[in-house]
1. Describe numerically, in nm with one decimal, the distance between label points set 7 Å from Cα along Cα→Cβ at Glu345 and at Ser210.
2. At 37 °C and 0.692 mPa s, what whole-number value in µm²/s does Stokes-Einstein give for the translational diffusion of the chain, with Rh from the Kirkwood sum over Cα pairs?
3. List the lysines whose alpha-carbon lies under 22 Å from that of Lys326, not counting same-chain residues fewer than 8 positions away?
4. Run the numbers for Leu409 and Asp139: contour at 0.36 nm per residue of separation, minus the present Cα-Cα distance, in nm.
5. Report the residue, chosen from Val229, Val211, Val91, that carries the largest GNM mean-square fluctuation when the chain is represented by alpha-carbon nodes joined by springs under 10 Å.
6. What full-extension length gain, to one decimal in nm, is calculated for Asp27 and Arg386 as 0.36 nm per residue of separation minus the Cα-Cα distance?
7. Suppose a student asked you for the relative contact order of the chain, using Cα pairs under 8 Å spaced at least 6 residues apart; what percent would you report?
8. Tell me which trypsin sites (Lys or Arg not before Pro) from the stretch 327-424 have a DSSP coil assignment and no more than 13 other beta carbons within 10 Å of their own.
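Just so it is clear, none of the values below were taken in a lab; they were calculated from the coordinates. Note that the structure is predicted; figures quoted are calculated from it, not measured. Please note: Cβ atoms are built from the backbone with ideal geometry, for glycine as well, and neighbour counts cover all protein chains shown.
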Amino acid sequence: MSNDTIAAISTALGQSAISIVRMSGEDVFSIIGNVFKGKDLATVDSHTIHYGKLIDGAQIVDEVLISVFRAPRTFTTEDMLEINCHGGPYVAKKILELLLTHGARLAEKGEFTERAFLNGRIDLTQAESIMDIVEARNDYSLALANKGLDGKIYTLVKDLRQRLLDIIANIEVNIDYPEYEDVEELTDEILIPKIEDLMDKIGDVLKKASVGKVLKDGIKTVIIGRPNVGKSSVLNALLREDKAIVTEIRGTTRDIVEGEINIGGIILNLIDTAGIRDSDDLIENIGIEKAKNLIKEAELILYVLNNNEPLSEEDTKLLDMTKHKKRIVIINKIDLESKIGRTFENSVHISALNRTNIEKLEERIETMFLEGDIDLAGETYLSNARHIAKMKQVRRNLEDALASAQDHLPVDMVEIDLKTAWDALGEIIGDTKDAALLDELFSKFCLGK
């Protein structure tokens, strides 16, 4: 880990009241001493703010306030300075250029946070939670991110790792010191319940994680149906705006149209698709293929039917195509005579054009994904896709360990899968370090973070 001095603009470039340029590393005071006209910042107390002017030779660059943070009580645990300057993009860039000229290095994306992690101030889940706070889109996602930043996820994972380690340690003692009479002999009858108990805990975590991911990322929702059943009208009704073009001409929507709404705190990422039918139109067929691919990726299907038309063969095909997906069947155009001829499980009757029963549709969506009360104060929900994927890997490792124990394989064979699970949990919090993983994660941060 390099301890050279890095600098970057931490605020978005643009016209604003202030901008912040931050610097971290062993040479921050010598660098600022070359360009700051005011109190000698190398002599001031930590966590204090000082007025002065930044100069480039004899020229004044800007009038600034500089916050001083001395190691180790800083974000990176290194000496840090934060320069509050006027908010024009040119002046912030000019100050950054000045610092780089006098010995600082331009920080890479996420490098301040990466240093905080590598220097032991935060764990990997807390580092990721910082980005989650920046990207939060509703109250739920902000609360989840703050729980991660408070160390709740770290504590959860650390507890699971300790329980695994206790089993592994017991196995090691049995292998290395079988003659010790005061050590519990770890038979399959004892080992299997221990693994099953841990699997139950992992299962509970993953069950809550499905809710957590919805709260954080929202629901990828695809609106499908035959041409002219009112898919674009449903999109417009949910968005409360005329985003998609609506006409009586079949096949108007030839590409995907996207929008986003907040329903009871849940973000619905809406995608309106081309009407799915057999067509000789090349461009329309491209849109239809996109629609079919989106169905595979969707977390929720809003399948729209025309109340004023009998069910067609194309309708039946689409119903069969989506029968294993989370789906709501929307019977649209209820202001017209009903000719559809049958009922459907989990359906809502609406008039998208008149905005009738749209609230009932929203309530149905909320109920489908948020069953029961959400206890963000008392429960810890995984919401990060990487954490969830690793936890699923842990479950698979434990399933393999359980199968080995049930087949009465040697205990050291069981231990292999348990150790793999222990390492996977370590990757969640960063105890098991992977340089490529760290590079990928921190590259997603903005400059100056």
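1. Each label point is offset 7 Å from its Cα along the Cβ direction, giving 1.5 nm.
2. Estimated diffusion coefficient is 124 µm²/s.
3. Lys207, Lys208, Lys213, Lys216, Lys220, Lys231, Lys290, Lys292, Lys296, Lys317, Lys360, Lys392
4. Details: separation 270, 0.36 × 270 = 97.20 nm, distance 4.93 nm.
Stretched out fully, the Leu409 to Asp139 stretch lengthens by 92.3 nm.
5. Among Val229, Val211, Val91, the largest mean-square fluctuation in the Gaussian network model of the chain belongs to Val91.
6. 125.7 nm
7. Values: 782 pairs, mean separation 73.6, N = 449.
Computed over the chain, the figure is 16 percent.
8. On the way: sites: Arg327, Lys333, Lys339, Arg342, Arg355, Lys360, Arg364, Arg386, Lys390, Lys392, Arg395, Arg396, Lys419; in loops: Lys333, Lys339, Arg342, Arg355.
Hits after loop and neighbour filter: Lys339, Arg342.
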